[in-house]
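One structure is given below, encoded as structure tokens.
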Amino acid sequence: MTQASKSHDPITNQLSEVKERVAKVLELAKSLGVDGAEVAMSRQQGLSVSTRMGEVENVEFTNDGGLGITVYREGRKGSASTADLSEQALTKAVTAAVNIAKYTSVDDCSGLADKALLAMNPVDLDLYHPHEISTQEAIELAKSCEESALSVDARAGQSDGASLDTFSGFKVYGNSHGQLVGYPSTRHSLSCVMIANDGDDMERDYAYTVNRDFALLESAESVGKQAAQEVLARLKPQTLATGKVPVLFRADIANTIWGHFISAISGGNLYRKSSFLLDAIGKDVFPNFLNISERPHIAKALASSAFDNEGVLTQDRDIITQGALQSYLLTSYSARKLGLTSTGHAGGIHNWLVDAQGHDGSFDAMLKALGTGLLVTELMGQGVNVVNGDYSRGAAGFWVENGEIAYPVSEITIAGNLAQMFKGIVAVGSDTDLRGSIRTGSILIDEMQIAGH
Amino acid sequence: MNSVEKSLLSDSQIDDDILAKTLKSMMSRQVDYADLYFQASQHETWVLEDGIVKEGSYNIERGVGVRAISGEKTGFAYSDDITPAAIQQAADAAKGIADSGTGATVKAFSRQSPIQVYQSVEPLGSLTQEQKIDLLHQVEAHARQVDSRVTQVIASLSGVYETVLVSASDGTYGTDIRPLVRLNCSVLVEENGKRERASAGGGARTDYSYFFEIAEGDNKPRYLAYAEEAVRQALVNIVAIEAPAGTFPVVLGAGWPGVLLHEAVGHGLEGDFNRKGSSAFSGKVGQKVASELCTIVDDGTLPNRRGSISIDDEGTPGQYNVLIENGILKGYMQDKHNAGLMGVKPTGNGRRESYAHLPMPRMTNTYMLAGESSPEDIIKSVKKGIYAPNFAGGQVDITSGKFVFTSSEAYLIEDGEITTPVKGATLIGNGPEAMKRISMVGNDLKLDGGVGVCGKDGQSIPVGVGQPTLKVDGMTVGGTQ
């Protein structure tokens with residue numbers, strides 16, 4: 001897109017307008033006598049269309065926005081936010097934040113991020129790819145996704161809906177260090193939920209595609225077909241006998257395992273001594289073939305960001321090198337509590353790349369490596385305790401015998417301890433799922449406890 | 001005019017005529033039903049950690065949602081700008097769902113006076129800022145005083161003051177003021193290098209004075225009881241041994257373990273899933289879906305409860321609905337749209353997270369009525385099993401009926417006695433099967449303390465659960481031994 005056409009784009013125009021408003025809100029806070037202030041404002045507009053069994057179900061015009069302000073006065077902090085963006089509401093929010101800062105306590109660790117860490121001129125990460133689509137076109141796309149799903153097998157004869165969602169919006173962040181930055185972004189997705197019946201058994205499953213660039217979405221036909229195949233494979237599940245077996249987490253749910261690791265090395269849990277990975281920098285957390293790197297600036301990627309929620313510049317970073325922990329995930333506050341420096345993780349991580357050289361392989365190769373054991377394709381519930389690493393979740397998937405899928409299983413639990421599960425990783429597949437913030441293949445763990453019949 | 005109408009409508013120069021005109025404008029197409037939902041809320045949170053009040057926040061939300069229904073189709077648009085022009089713009093977008101033609105007649109508004117199941121109080125101002133902070137300090141001091149192994153305390157207080165106004169083409173016109181308060185205490189205990197965290201708390205649709213009251217059957221104010229309960233649970237868990245793996249008889253305690261009902265049957269009985277035939281309970285009204293010991297209700301009318309509603313978000317008064325009576329499925333929970341398509345009446349379960357979300361059938365307070373067994377006899381009847389009096393939360397796949405919930409406090413039962421505490425574990429079952437395996441129901445019905453949050457399709461709303469002590473003959477327990 002050329003510069004000239006960009007200036008006619010409504011979002012780009014709104015972006016500069018919003019930057020001015022953020023600057024004004026910061027001025028207002030300053031005039032009320034604060035030492036520091038930071039303001040984040042976002043706006044998102046979109047269209048969300050769903051169809052079910054070939055008929056339109058919902059057409060939703062989304063239009064969300066909000067402003068959050070945090071002020072600091074003599075070491076005390078106050079915050080306010082508003083989804084109502086009228087002048088009156090903004091003034092009320094600023095006043096409320098300033099008022100709150102009269103009552104909170106002095107906290108030596110609170111305050112804006114250190115000025116030297118800020119992204120004053122952030123790079124453009126190519127995250128904005130608007131796509132004009134009429135309601136009718138969106139409906140047709142959702143319908144063709146369902147049609148494709150319904151044509152696979154008579155047992156998958158019920159759709160629970162296909163939906164097409166497209167959003168464009170922007171984020172602006174400013175603070176009293178003089179930082180005022182923002183960027184537009186888009187997000188498009190298409191998903192399909194299918195129900196299949198066989199006798200008394202009824203199962204559901206889904207498939208989806210998501211991208212910042214509409215043109216890079218998978219086709220409606222392939223999403224529909226995949227949803228049908230997923231649900232068909234689940235029909236007539238069995239439970240398993242209680243026992244210890246090797247477990248393969250399929251790539252699309254493997255990110256949950258890394259998610260628990262993220263939680264365990266996040267500053268908030270570390271300074272509260274609420275993690276099983278305290279004082280683990282430099283220590284072997286994973287087997288030595290495992291590397292995890294963070295790449296925040298990948299063009300068009302879903303978790304790319306040039307700065308974090310505190311304006312801190314994001315940078316390429318090694319998280320795990322040869323199995324050993326290289327970095328915690330810190331905000332300014334948690335960094336000060338730990339006597340360290342912010343790593344730019346206010347608001348979460350930015351594109352993780354998981355690599356297991358010499359211990360990887362295609363999905364089929366991973367099944368072979370599993371041999372006889374459990375392939376997990378769905379997890380249920382929240383049974384993870386990051387304080388001590390205890391893990392116990394509901395699961396569904398497939399029993400695998402000698403590297404071949406034998407039959408679907410459900411109504412079982414898998415349990416273990418994360419510290420041992422991490423060390424017990426035998427391989428990470430090259431069947432990488434690119435749809436999330438963590439680019440990982442399937443994960444094979446040597447042994448977990450199954451509870452079943 | 002009441003205060004809700006004044007703040008949501010007349011301060012924005014909107015009156016009955018504009019509401020009626022907007023609704024009528026949507027009937028230029030084949031719209032069966034349309035509604036306008038105005039909402040404003042203020043929300044505050046105060047957090048104390050490590051002896052200091054670290055965070056205070058204040059949130060404002062205000063807007064209008066416009067919905068048009070045509071057969072099974074719904075058009076929806078919303079705006080954070082409550083002005084006649086913005087409402088008309090949203091209405092024009094929403095009605096686009098319907099084909100051209102003529103819609104339903106817009107009926108004259110009939111202002112309802114539903115029974116108020118909570119007081120129209122504004123909780124945020126019910127304590128001064130100094131008193132709120134003092135309350136948090138007292139929670140912390142008490143938790144530390146209870147046991148020296150407490151090394152960290154996080155106490156948080158939050159209050160919501162929400163006003164809503166619904167006007168619809170079927171003549172519905174209702175307003176509601178919904179207060180909601182919550183206090184929580186989370187502690188970390190350390191002993192011999194081991195650490196455990198636990199939390200306890202509660203809340204209700206009232207103001208902050210709730211936390212200074214003494215709950216029935218207790219001898220201290222709630223804020224002190226929460227602190228003690230958090231410490232007690234953490235100390236139980238720090239000595240807990242590995243939980244067993246396999247299928248065992250499970251005795252669930254009274255109160256919050258009612259999350260079982262919320263997951264195992266509640267979601268599966270929501271009208272939308274049953275209209276679409278996607279629930280494991282679809283088409284089963286009149287059939288036996290649970291043991292005859294089970295009578296389960298969803299009750300929006302309990303005074304001041306977290307899940308209660310004077311009117312739902314479509315203006316239907318909250319109701320007491322029997323879902324399952326002596327094991328027989330009696331009916332589903334409905335909003336107007338799904339009730340209309342299924343040819344039944346709405347049940348006061350049409351709820352939404354905010355003006356920016358579509359209403360759908362949701363639970364209010366879901367609980368099982370008391371049975372006849374004493375809790376002691378229930379425990380005595382188990383030779384080897386699990387007693388689980390506290391849970392972290394759960395999840396269900398409404399189509400297959402598989403559900404999980406994760407214990408946060410559990411014990412072994414050996415030869416009819418509660419013995420050793422075991423670590424938190426996930427329990428998994430199939431809703432309809434698990435309900436049929438309920439073999440004893442206690443006489444000690446209890447409701448939860450007011451902490452429930454239910455998520456569906458990305459929308460979170462406050463709910464309540466409850467049950468007496470009950471025994472499920474076999475459930476899969478996800479331990480490690």
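Every number in this text was worked out from the coordinates using simple rules, so none of it is lab data. All values derive from a computational prediction rather than experimental measurement. Every residue, glycine among them, receives a Cβ derived from its backbone with ideal geometry; neighbour counts consider all protein chains shown.
Can you give the relative contact order of chain B as a percent, counting alpha carbon pairs under 8 Å and 6+ residues apart? Could the numbers behind the result be given before it?
Details: 1359 pairs, mean separation 74.2, N = 481.
Here the relative contact order equals 15 percent.
Compute the longest continuous run of chain B that contains no exposed trypsin sites (Lys or Arg not before Pro); treat a site as exposed when its DSSP state is not H, G, I, E or B and it has at most 14 other Cβ atoms within 10 Å.
Values: sites that count: B:Lys107, B:Lys383.
With a cap of 14 other Cβ atoms within 10 Å, the longest stretch comes to B:108-382.
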*Run the quick spin-label model on A:Glu74 and B:Lys194: label points 7 Å from Cα toward the beta carbon, then report their separation in nm to one decimal.*
4.6 nm
*asked:* If you average the C-alpha positions of region B:88-114 and of region B:157-231 separately, how far apart do those two centres end up, in angstrom?
replied: 37 Å
_Rounded if a/c under 1.5, otherwise prolate or oblate - the protein assembly as shown, Cα gyration tensor axes_ = rounded
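Is there a pair in B:Lys288/B:Lys336; A:Lys236/B:Lys383; A:Lys236/B:Lys276; A:Lys368/B:Lys276 whose C-alpha atoms are over 30 Å apart, and which pairs would that be? Before the final figure, lay out the partial values.
Details: B:Lys288/B:Lys336 26 Å; A:Lys236/B:Lys383 33 Å; A:Lys236/B:Lys276 22 Å; A:Lys368/B:Lys276 40 Å.
In this structure, A:Lys236/B:Lys383; A:Lys368/B:Lys276 lie more than 30 Å apart at Cα.
Expected output is a single nm value to one decimal: the length gained when fully extending between B:Gln145 and B:Ala108, i.e. 0.36 nm times separation in residues minus the C-alpha distance. What is it?
Values: separation 37, 0.36 × 37 = 13.32 nm, distance 6.12 nm.
Length gained between B:Gln145 and B:Ala108: 7.2 nm.
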*asked:* Need the list of lysines near A:Lys171 for cross-linking: C-alpha distance under 18 angstrom, and skip anything on the same chain fewer than eight residues off.
replied: A:Lys6, A:Lys19, A:Lys24, A:Lys300
*asked:* For B:Lys284, give me every one of the aspartates and glutamates with a C-alpha distance below 16 angstrom, ignoring sequence neighbours fewer than eight places off in its own chain.
replied: A:Asp200, A:Asp201, B:Glu270, B:Asp272, B:Glu292, B:Glu325, B:Glu433
*State the extension gain, in nm to one decimal, for the chain segment bounded by A:Ala154 and A:Glu401, taking 0.36 nm per residue of separation less the distance between their alpha-carbons.*
86.1 nm
_Along the Cα→Cβ direction, 7 angstrom out, place labels at A:Thr341 and B:Ala85. What is the inter-label distance in nm?_
5.1 nm
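Tell me whether chain B comes out rounded, prolate or oblate; compute the Cα gyration tensor, take square roots of the eigenvalues as a ≥ b ≥ c, and use a/c under 1.5 as the rounded threshold.
Values: a/c = 2.42, a/b = 1.40, b/c = 1.72.
Since a/c reaches 1.5 but b/c is at least a/b, the shape of chain B is classed as oblate.
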_Exceeding 19 Å between C-alpha atoms, which entries from my cross-link table qualify? They are A:Lys244/A:Lys423; B:Lys220/B:Lys380; A:Lys115/B:Lys54; A:Lys143/B:Lys24._
B:Lys220/B:Lys380; A:Lys115/B:Lys54; A:Lys143/B:Lys24
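Averaged over peptide A:388-400, how many Cβ atoms belonging to another chain are found within 10 Å of each residue's Cβ? List each step's numbers first, then the result.
On the way: counts 8, 0, 9, 3, 15, 7, 15, 4, 4, 0, 0, 0, 0.
Rounded to a whole number, the mean comes out at 5.
Select from region A:251-345 those trypsin sites (Lys or Arg not before Pro) which occupy a DSSP coil region and have at most 15 other Cβ atoms within 10 Å, ordered by residue number. It would help to have the intermediate numbers written out before the result.
On the way: sites: A:Arg272, A:Lys273, A:Lys283, A:Lys300, A:Arg317, A:Arg336, A:Lys337; in loops: A:Arg272, A:Lys273, A:Lys283, A:Lys300.
Passing sites in region A:251-345 are A:Lys273, A:Lys283.
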*Compute the length gained on full extension between A:Asn13 and A:Asp200: take 0.36 nm times their separation in residues and subtract their Cα-Cα distance, giving the result in nm to one decimal.*
61.7 nm
*Counting partner chain Cβ atoms within 10 Å of every residue's Cβ in B:429-435, what's the average?*
1
*Cα centroid separation - region B:416-442 against region A:270-306, whole Å*: 38 Å
*Estimated inter-spin distance, A:Asn99 and A:Met53, nm [label 7 Å along Cα→Cβ]*: 5.3 nm
_List the lysines whose Cα sits under 16 Å from the Cα of B:Lys194, skipping any in the same chain fewer than 8 residues away._
A:Lys273, B:Lys423
*By the gyration tensor of its Cα atoms, with a ≥ b ≥ c the square roots of the eigenvalues, what is the shape of region B:265-375: rounded for a/c under 1.5, prolate for a/b over b/c, or oblate?*
oblate
_Förster radius 30 Å - calculated FRET efficiency between B:Glu242 and A:Thr256 (Cβ-Cβ, nearest 0.05)_ = 0.85
*Based solely on its DSSP helices, what 222 nm [θ] is calculated for chain A when runs of n ≥ 4 H residues each add -39,500 (n - 2.57) and the sum is averaged over all residues, nearest 500 deg cm²/dmol?*
-7500 deg cm²/dmol
*Set Lys and Arg Cβ to +1 and Asp and Glu Cβ to -1, take the dipole of region B:28-112 about its Cα centre, and tell me which of B:Gly103, B:Ser79, B:Phe38 lies farthest positive.*
B:Gly103
*Angle, helix A:10-31 long axis vs. longest principal axis of chain A, Cα atoms, 0 to 90°, nearest 10?*
50 degrees
*Convert 10 °C to kelvin, take the viscosity as 1.306 mPa s, use the Kirkwood radius over C-alpha pairs of region B:1-143 as Rh, and evaluate the Stokes-Einstein diffusion coefficient in µm²/s, rounded to a whole number.*
87 µm²/s
*Please name which of B:His262, A:Ser342, A:Asn417 has its Cα lying farthest along the dipole of the protein assembly as shown towards the positive end, using unit charges on Cβ (Lys, Arg +1; Asp, Glu -1) and the Cα centre as origin.*
A:Ser342
